[in-house]
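Trainee: Dumping the structure here so I can ask a few things about it.
The values are calculated or read from the model by the stated rules, or taken from the named source; none is laboratory data. A quick note: this is a predicted structure, and the numbers were derived from the prediction, not measured. Note that we place each Cβ from the backbone using ideal geometry, even for glycine, and neighbour counts take in every protein chain shown.
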Amino acid sequence: MSIPKLSYFDFSGGRGEPIRLAFHLGGVAFEDDRFAPAAFAEIRKTTPLNQVPVLHVGDSVVTQNNAILVYAGKLAGLYPQDSLQALFCDEVLNGLEDINVKIGATFGLKGDELRQARANLATEVLPRYLRWLAGRLESRGGAYFADQRLTIADLKALVILRWISSGKLDHIPADLVATAAPSLAAYMDRIGATPGIVQYYAARAGK
Ligand SMILES: N[C@@H](CCC(=O)N[C@@H](CS)C(=O)NCC(=O)O)C(=O)O
């Protein structure tokens, strides 16, 4: 079978990025098919649900980023083999996906509508999820979300926490993670300092 091909936007974030990180960290060969956001209107016409990411594997074109991420995590050795630890990992993946959906629902809004929707995210919705994540992390020992080691849950958490903290989301304060869940901010910095992750972004700098 040929190597899997992941099609996603050419930026270092979003639903495709944890999948890229998992393949990279696991040394799994894959085709990193990136396209400019401006090309999405055309590319989406070719995908099963008019969405990305999609993974081309064998004769199949597979949708749903968490399912693809679990597959990548299994190939990369970054997904728990123990069923209970896998459950803990999946719970965090799906909670994080809720965050993607809730922030995504505010894209396209403008003016006061955007301000209000983002204020609701910043004051209620995101702090609730961030505190929940911090609680989960603490209950698993404080270092990782599952399996007492780096898993795909940590990769997805890193990507989303960095996004929330980027200052690029209008009306979402860049210090939201630090103020709502300080332990999660420290966790984000620690996971981000994982040598393979640092090396990945160093290699991507300037591309
Ligand atoms: N349920 C899908 C959602 C994928 C999704 O919404 N992707 C965004 C880009 S990150 C997209 O393609 N949006 C266009 C649309 O939904 O029309 C998944 O989990 O992968």
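Trainee: Which ones in the stretch 95-113 are within 12 Å of the chain's Cα centre (by Cα) and near the ligand (Cβ under 10 Å from one of its atoms)?
Mentor: Within the stretch 95-113, GLU97, ASN100, VAL101 qualify.
Trainee: For the stretch 167-207, name all the residues that are of a type in the set (A, V, I, L, M), more than 23 Å from VAL101 (Cβ to Cβ) and in a loop (DSSP other than H, G, I, E, B).
Mentor: Within the stretch 167-207, ALA193, ALA205 meet the criteria.
Trainee: Scan the stretch 1-25 residue by residue and report those that are in a helix (DSSP H, G or I) and in contact with a Leu (Cβ under 7 Å, 6 or more places away or on another chain).
Mentor: Matches in the stretch 1-25: PRO18, ILE19, ARG20, LEU21, ALA22, LEU25.
Trainee: Oh, and also: Scanning the stretch 26-40 for residues that are hydrophobic (A, V, I, L, M, F, W, C) and outside any strand (DSSP E or B), which turns out nearest to the ligand (Cβ to nearest atom)?
Mentor: PHE40
Trainee: Let me ask something else. Looking at the structure I just gave you, is ASP90 acidic (Asp, Glu), away from the ligand (no atom under 11 Å from the Cβ), surrounded by 12 or more Cβ atoms within 10 Å (Cβ to Cβ) and assigned to a helix (DSSP H, G or I)?
Mentor: Yes; evaluated as a whole, the condition is true for this residue.
Trainee: Continuing with this model, one more query. Restricting attention to the stretch 141-166, which residues are among the β-branched types (Val, Ile, Thr) and assigned to a helix (DSSP H, G or I)?
Mentor: ILE152, VAL159, ILE160, ILE164
Trainee: Taking the conditions exactly as written (more than 19 Å from the chain's Cα centre (by Cα) and either in the same structural domain as ALA174 (by TED's automatic domain parsing) or crowded, with 19+ Cβ neighbours inside 10 Å (or both)), does ARG140 satisfy them or not?
Mentor: Against the criterion (more than 19 Å from the chain's Cα centre (by Cα) and either in the same structural domain as ALA174 (by TED's automatic domain parsing) or crowded, with 19+ Cβ neighbours inside 10 Å (or both)), ARG140 qualifies.
Trainee: If you take the residues in the stretch 41-75 that are away from the ligand (no atom under 12 Å from the Cβ) and part of a loop (DSSP other than H, G, I, E, B), which one is nearest to PHE30 (Cα to Cα)?
Mentor: For the stretch 41-75, the residue satisfying everything is GLY58.
Trainee: Out of all the residues in the stretch 1-47, which are polar (S, T, N, Q) and surrounded by 13 or more Cβ atoms within 10 Å (Cβ to Cβ)?
Mentor: Listed by number, the residues that qualify are SER7, SER12, THR47.
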